[in-house]
Amino acid sequence: MFSRAYRVAITVPPLLWVTVFLLVPYALLFCYSFWSVSPAQTIVHSWTLDNYREFLRVNVYLQTLFRSMWIAARVTTFSLVLGYPLAYYLSFHAGARKDLFYQLVIIPLWVSYLVRAYAWKTILGSDGVLNTLLQYVHLTKHPLEFLLYSPFAVVLTLTHIYTPFAFLPIYASLEHIPRNLVEASHDLGASPLQTFWRVIFPLSIPGVLAGATFAFVLSLGDFLAPLLLGGPSGIMISNIVVSQFGTAYNWPLGAAISLCMLLLVLALLFLSENLEKKWSFR
Amino acid sequence: MATTTEPAVARSAKPGSPEPLLSIRGITKSFGKNPVLRDISLQVAEGEFLTILGESGSGKTTLLRIIAGFESADSGEILMGGERLDLLPPYRRRVNTVFQHYALFPHLTVADNVGYGLSVAKLPKEEIASRAEQALAKVKMSAFANSKPTKISGGQQQRVALARALVNRPRLLLLDEPLSALDANLRRQMQVELKSLQREVGISFVFVTHDQEEAMVMSDRIALLRMGGLEQIASPREIYSHPATAYTAQFIGHTNLLRCEVKAGAARCNSLSWRVALPDGPALFSLRPENIRPAASAPSNSEVNVVRFRGKIQQQAFHGATELLQVACADGLSLALRAATRENWQGELELEFSASDAVPVQESTAERGGS
């Protein structure tokens, strides 16, 4: 049907893109993770599992990984708790203001991540907006130190940043629920609350799963928020990877940790996709 | 309660005119500046099959949605069994709906769909199961109890939707063009089934359709809506043989509209003339094509009010059992007539109709200002 030249013309660019920007880097990452660093700080190109052993042996790595997962889990929970009601309100009750509210949710995504993270630094710092306000109204005498440079600050910032990512798929799934199903439920005697739990929520589960996956995976791999706002107690696994590729100059260990993270994320995506399939009825 | 002597009850229970199940009084509705329903009043009797018939945009679906509670009227009230229905939210009304596209819950099995209403009413599990089973048996869908609605055909979904509504034993069942998505054969079959099911369960049906033939086949009474106004409400036979307005005559069945001038007890339309008991002035008559027939060979009973005329056949359309002919009279009048099937109708014919079959009709209500 299409000419050979046409097929080549449309196939080659994406293939090239995938090869150069995905396959080659991952292949390099894979190789590096089995290499090692000599005392003279050069890469030794001989195969070894030492990097993986190191990752599993040193407490701080696994602790940081678990802390990252714990932070990501909290971010996911809060994003869903904030994103779901927002999506529900927009989809079912916003009426003519729907488009306006939708834009208001989306606009923060156009603002640089860095700006938003810095904004929280300005708000949470010891002479920041929040502490100044609290002291001004005499709720506190001294600045609250735990606000900034803590896992709390990281969770707060990541929740702010990733709530739209949780919101969007939930909103899409709610928008796809035929409204006559809601009417049918009311018609059959179900109150609005019963209708929500028996019809609307079950049908929005694929969106919730997709939103949760976004929030969890994105915040698990985040390194800027912990870097700017986390302090020593808020370090996450990506910060360790960054430091291995940077100051520590241990690319092989960094690659091994990255690869473990990658496998973890792929497993999560696989799981979430299967669950979504189970809960979709179209 | 039958022995109560309360005057209110005694008055409402007049013999011969039982209290209607549903009373719609002066319902008006606009969407923005668009009037959709203009002062609709009608009643549905216990066990009646009432069809709301109308073209798209006539307001028939809106009226149904107001009864179900999905829309609220701007003014007017609805009573069911003497109590205000329109003040209740839809989930408190003892009314169930069969939706146009069935609206089955895709995440529930057929049996759970049917049991939904009983389940939200928190009935015991065994009762839900047995009643859902019975309802499915009634619509011949027992074999599909554990299927998901997406895995069954449109006609089967239709039956499940019906079972899901009927299992709640509503006092009134609303059906919003439930057959419109089915193909013609299945549709005819479902019409018959639906009608006999309605007789069997004895629940009042309010059935919305745009298909006049469907309305004629199924209904006890037809309420014809036009541009938000109630054009006529009557039994199918009555509405067909005595259409109140020109619109009704044309919408239900096929008809010839004769624009006449009445003078001294005689109606005159071009060269045709017959005796009528109407005051002088312009008048409009509906004459069904099947009431025009080839004239009997001898004009023996000319004293009976029979109108005879000659017509030239212009067109012939085969309709199976009958032929629809278009004949031109000498004076330019063109009439449709239904005649027995014959290979080739040709040439000029001597035709006649009984003056009593020419039914005087009014111009449509909408043209008179929708009062």
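Please state which one of A:191, A:173, A:204, A:185 is more than 13 Å from the chain's Cα centre (by Cα), of a type in the set (Ser, Thr, Tyr) and surrounded by fewer than 18 Cβ atoms within 10 Å (Cβ to Cβ). I'd like the intermediate steps shown before the answer.
Working: A:173 fails: surrounded by fewer than 18 Cβ atoms within 10 Å (Cβ to Cβ); A:204 fails: surrounded by fewer than 18 Cβ atoms within 10 Å (Cβ to Cβ); A:185 fails: surrounded by fewer than 18 Cβ atoms within 10 Å (Cβ to Cβ).
One residue alone meets the criteria, A:191.
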- Message: Checking the condition farther than 14 Å from residue B:174 by Cα and of a type in the set (Ser, Thr, Tyr), which residue from B:219, B:196 passes?
- Response: B:196
- Item | Answer from A:46, A:79, A:33 - the residue that is closer than 30 Å to residue A:239 by Cα and at pLDDT below 90 | A:46
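Go through the stretch A:188-205 and count every residue that is hydroxyl-bearing (Ser, Thr, Tyr) and within 9 Å of chain B (Cβ to nearest Cβ).
Step one: filter the stretch A:188-205 for residues hydroxyl-bearing (Ser, Thr, Tyr), giving A:191, A:195, A:204.
With the extra rule that they be within 9 Å of chain B (Cβ to nearest Cβ), the set shrinks to A:191, A:195.
Adding up the residues that qualify gives 2.
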- Restrict the check to the stretch B:224-236 and report whether at least one residue is under 19 Å from residue B:48 (Cα atoms), of a type in the set (D, E, K, R) and at pLDDT 90 or above. no
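Residue-wise test of (1) over 14 Å from residue B:355 (Cα atoms); (2) outside the structural domain of residue B:51 (by TED's automatic domain parsing); (3) hydrophobic (A, V, I, L, M, F, W, C).
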residue	(1), (2), (3)
B:235	yes, no, no
B:258	no, yes, yes
B:264	yes, yes, yes
B:270	yes, yes, no
B:273	no, yes, no
B:278	no, yes, yes
B:282	yes, yes, no
B:285	no, yes, yes
B:289	no, yes, no
- Which residues, taken from the stretch B:318-356, are surrounded by fewer than 17 Cβ atoms within 10 Å (Cβ to Cβ) and small (Gly, Ala, Ser)? B:320, B:321, B:328, B:330, B:332, B:334, B:340, B:347, B:354, B:356
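With respect to residue B:126, determine if the residue is more than 8 Å from chain A (Cβ to nearest Cβ), more than 32 Å from the chain's Cα centre (by Cα) and without any contact (Cβ under 8 Å) to a residue 12 or more places away in the chain. It would help to see each step written out before you state the result.
Details: more than 8 Å from chain A (Cβ to nearest Cβ): yes; more than 32 Å from the chain's Cα centre (by Cα): yes; without any contact (Cβ under 8 Å) to a residue 12 or more places away in the chain: yes.
Considered against the rule, which asks whether it is more than 8 Å from chain A (Cβ to nearest Cβ), more than 32 Å from the chain's Cα centre (by Cα) and without any contact (Cβ under 8 Å) to a residue 12 or more places away in the chain, residue B:126 comes out as yes.
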- Task: May I ask you to list the residues in the stretch B:45-59 that are within 13 Å of the chain's Cα centre (by Cα) and within 21 Å of residue B:84 (Cα to Cα)?
- Result: B:48, B:50
- Note on the structure: Picking from A:258, A:280, A:272, the residue that is over 24 Å from residue A:115 (Cβ atoms) and within 14 Å of chain B (Cβ to nearest Cβ) would be A:280
- Qualifying positions in the stretch A:234-255 - loosely packed, with under 14 Cβ neighbours inside 10 Å and under 25 Å from residue A:115 (Cα atoms): A:246
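If a residue must be among the aliphatic types (A, V, I, L, M), over 19 Å from the mean Cα position of the chain (by Cα) and surrounded by fewer than 19 Cβ atoms within 10 Å (Cβ to Cβ), how many such residues does the stretch A:71-92 contain? Walk me through it before giving the result.
Within the stretch A:71-92, the first condition is being among the aliphatic types (A, V, I, L, M), and the residues that meet it are A:71-73, A:75, A:80-82, A:86-87, A:90.
Now restrict to residues that are over 19 Å from the mean Cα position of the chain (by Cα): A:90.
Subset that is surrounded by fewer than 19 Cβ atoms within 10 Å (Cβ to Cβ): none.
Number of matching residues: 0.
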- Query: Can you name the residue in the stretch A:210-249 that is over 27 Å from residue A:33 (Cβ atoms) and touching a Pro at 6+ places or on another chain (Cβ under 8 Å) and is also farthest from the other protein chains (Cβ to nearest Cβ) among such residues?
  - Reply: A:233
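To keep it simple, each residue is scored yes or no on (1) under 17 Å from residue A:260 (Cα atoms); (2) within 17 Å of the chain's Cα centre (by Cα); (3) among the acidic types (Asp, Glu).
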{"position": "A:55", "(1), (2), (3)": "yes, no, no"}
{"position": "A:69", "(1), (2), (3)": "yes, yes, no"}
{"position": "A:96", "(1), (2), (3)": "no, no, no"}
{"position": "A:104", "(1), (2), (3)": "no, no, no"}
{"position": "A:113", "(1), (2), (3)": "no, yes, no"}
{"position": "A:122", "(1), (2), (3)": "no, no, no"}
- Query: Conditions: (1) within 14 Å of chain A (Cβ to nearest Cβ); (2) more than 25 Å from residue B:197 (Cα to Cα). Residue B:83 meets all but one. Number of the miss?
  - Reply: (1)
- Considering only strands (runs of 3 or more DSSP E) wholly within the stretch B:29-145, the ones with at least 2 residues that are of a type in the set (Val, Ile, Thr) and farther than 22 Å from residue B:182 by Cα are B:34-44
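For every residue, the table says whether it meets (1) in contact with a Phe, Trp or Tyr (Cβ under 7 Å, 6 or more places away or on another chain); (2) closer than 21 Å to residue B:113 by Cβ; (3) not in a loop (DSSP other than H, G, I, E, B).
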site: B:162; (1), (2), (3): no, yes, yes
site: B:169; (1), (2), (3): no, yes, no
site: B:173; (1), (2), (3): yes, yes, yes
site: B:182; (1), (2), (3): no, yes, no
site: B:190; (1), (2), (3): no, yes, yes
site: B:194; (1), (2), (3): no, yes, yes
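Can you work out which of the residues in the stretch B:83-105 that are of a type in the set (A, V, I, L, M, F, W, C) and more than 19 Å from residue B:155 (Cα to Cα) is nearest to the chain's Cα centre (by Cα)? Before the answer, list the steps.
Taking the stretch B:83-105 as the starting set, the residues that turn out to be of a type in the set (A, V, I, L, M, F, W, C) are B:85, B:87-88, B:95, B:98-99, B:103-105.
Keeping just the survivors that are more than 19 Å from residue B:155 (Cα to Cα) gives B:85, B:87-88, B:95.
Details: B:85: 23, B:87: 27, B:88: 27, B:95: 20 Å.
So, considering only residues that are of a type in the set (A, V, I, L, M, F, W, C) and more than 19 Å from residue B:155 (Cα to Cα), the one nearest to the chain's Cα centre (by Cα) is B:95.
Going by what's in this entry, would residue B:122 be described as under 17 Å from residue B:154 (Cα atoms), charged (D, E, K, R) and assigned by TED's automatic domain parsing to the domain that holds residue B:169?
Working: under 17 Å from residue B:154 (Cα atoms): no; charged (D, E, K, R): yes; assigned by TED's automatic domain parsing to the domain that holds residue B:169: yes.
No; evaluated as a whole, the condition is false for this residue.
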- Query: Hey, among the residues in the stretch B:217-247 that are assigned to a strand (DSSP E or B) and free of Cβ contacts under 8 Å to residues at least 24 places away in the same chain, which one's farthest from residue B:361 (Cα to Cα)?
  - Reply: B:234
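In the stretch B:251-295, which residue that is in a strand (DSSP E or B) and small (Gly, Ala, Ser) is surrounded by the most Cβ atoms within 10 Å (Cβ to Cβ)?
If we take residues in the stretch B:251-295 being in a strand (DSSP E or B) and small (Gly, Ala, Ser), then B:286 is surrounded by the most Cβ atoms within 10 Å (Cβ to Cβ).
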- Does the stretch B:34-53 contain at least one residue that is surrounded by fewer than 24 Cβ atoms within 10 Å (Cβ to Cβ), more than 22 Å from residue B:216 (Cβ to Cβ), more than 14 Å from chain A (Cβ to nearest Cβ) and free of Cβ contacts under 8 Å to residues at least 60 places away in the same chain? yes
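The values are calculated or read from the model by the stated rules, or taken from the named source; none is laboratory data. Predicted model, so just to flag it, every value in this text is computed and none were measured. In this analysis, Cβ positions are derived from the backbone assuming ideal geometry, glycine residues included, and neighbour counts consider all displayed protein chains.
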